[in-house]
Amino acid sequence: MPIEFLNLKQVNAPFENDIREAISRVIDSGWYILGEETLAFEREFAEYCGVDHCIGVANGLDALHLILRAYDIGDGDEVIVPSNTFIATWLAVSQAGARVVPVEPDDLTYNIDPQKIEAAITPRTRAIMPVHLYGQPADMSPIIETARRHGLRVIEDAAQAHGARYHGRRTGGLGDAAGFSFYPGKNLGALGDGGAITTNDAALAAKLRRLRNYGSEVKYHHDLAGANSRLDEMQSAVLRVKLRHLDAENAQRAVLAQAYANALASAPVQLPTVLKGTEPVWHLFVVQTPHRDGLRAFLNERGIGTLVHYPIANHLQLAYKHQTWPELPIASRLQSHVLSLPFATYLNMNDILDVAASVLDYFRPTDSAD
């Protein structure tokens, strides 16, 4: 049988009855925006992340953008970001009017290299935005130490790391604020777009609640030039159902990731590296090989779906062609080397072993006549 890269119907199948009940509850309530479901989800997700405040917003990009706006980061300012990440991290900075300053990743973890950040700081730097890419927590302690020495904010892009831990603490509560995405394919995914911001800063949280709602705290009184970016009741109700199962599903992902690692130990591919003291949640299982395109075609012929996260480095995207960038050799190389293998909680051990066996088959020497 073919093995799809991801099947969202199968992802949500275990919770279908509870999700239908939650949606019916919202329909019956007659209240569909900023109601009891969103308030309850915000409380529950804040508690889950170990923070004081959660603000539900429309998507992950808005979450990061609104944090920057709430900190008054904009025109003339600079924000340090990873060179290797989904473009939303960069777009949040650009939409705020600030300048993207890319820093290369650690080649083993794919996350921003803390040792390279210092050289990128200038008098205009206002914040560092590390990304917990593929569900692997960034090395936050040296990042925060550098930020504190320079008086900078630390804004986590936790869009792929729901529930991940760094030295015992969950992502979302490691920096000054964090942005999450609940895009359907995430570990904690809605049935549409959704996002949230987490923070321990009460003043920031209050400002963000106004910014997401047209700059208003009291209806028709607009204190700020805000946005319309609200996590709706339907998605909040769905997320409340799925949040109850998140830790169990993340634990299942860890088992599958270890099975991949064991089965591919002899394969000539670079496997994911887990930083000491971290507990990743394995949003994706990504390998590296200079033979990526050939391997991907081979797997496709066997009915095994894969994806590339991400095939065009951000500094090479047309959206950023008007800017001049420094040499970014690691990000440039990763775009042609990384391959995401099928990875979801509905896959069983045989599925994982079948994929791994096909990867090994690709690299196995073939007999040829003399």
Next item on the list: Return a yes/no flag: does region 285-293 have any residue that is under 18 Å from Asn84 (Cβ atoms), open to solvent by 50 Å² or more (accessible area, probe 1.4 Å), within 18 Å of the chain's Cα centre (by Cα) and not charged (D, E, K, R).
Entry: no
Checklist line | Complete set of residues in region 1-27 that are open to solvent by 50 Å² or more (accessible area, probe 1.4 Å) and closer than 19 Å to His245 by Cβ | finding: Leu6, Leu8, Lys9, Gln10, Ala13, Pro14, Glu16, Asn17, Asp18, Arg20, Glu21, Arg25
Notebook entry, point to check: Tell me, which residue of region 124-164 that is assigned to a strand (DSSP E or B) and of a type in the set (A, V, I, L, M, F, W, C) is surrounded by the fewest Cβ atoms within 10 Å (Cβ to Cβ)?
Noted result: Val154
Check: Do we have Val359 as open to solvent by less than 20 Å² (accessible area, probe 1.4 Å), at pLDDT 95 or above and farther than 30 Å from Val93 by Cα here?
Finding: yes
Note to self: charged (D, E, K, R) and within 15 Å of the chain's Cα centre (by Cα): which single residue out of Arg170, Arg149 fits that description?
What the structure shows: Arg170
Checklist line | Residue identified as without any contact (Cβ under 8 Å) to a residue 40 or more places away in the chain and closer than 19 Å to Thr89 by Cα among Leu318, Leu328, Leu284 | finding: Leu318
Margin query: Just the residues that are surrounded by 14 or more Cβ atoms within 10 Å (Cβ to Cβ), out of contact with any helix residue (DSSP H, G or I) (no Cβ under 6 Å at 6 or more places or on another chain) and aliphatic (A, V, I, L, M), please, taken from region 317-340.
Written below: Ile330, Ala331, Leu334, Val338
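The values are calculated or read from the model by the stated rules, or taken from the named source; none is laboratory data. Note that the coordinates shown come from a computational prediction; the quantities given were computed from them, not determined experimentally. Using ideal geometry, Cβ is built from the backbone for each residue, glycine included, and neighbour counts are taken over all protein chains shown. Side chains are part of the model used for accessible areas, which takes the heavy atoms of the whole protein and leaves out ligands, DNA and RNA. Shrake-Rupley method; radii C 1.70, N 1.55, O 1.52, S 1.80 Å.
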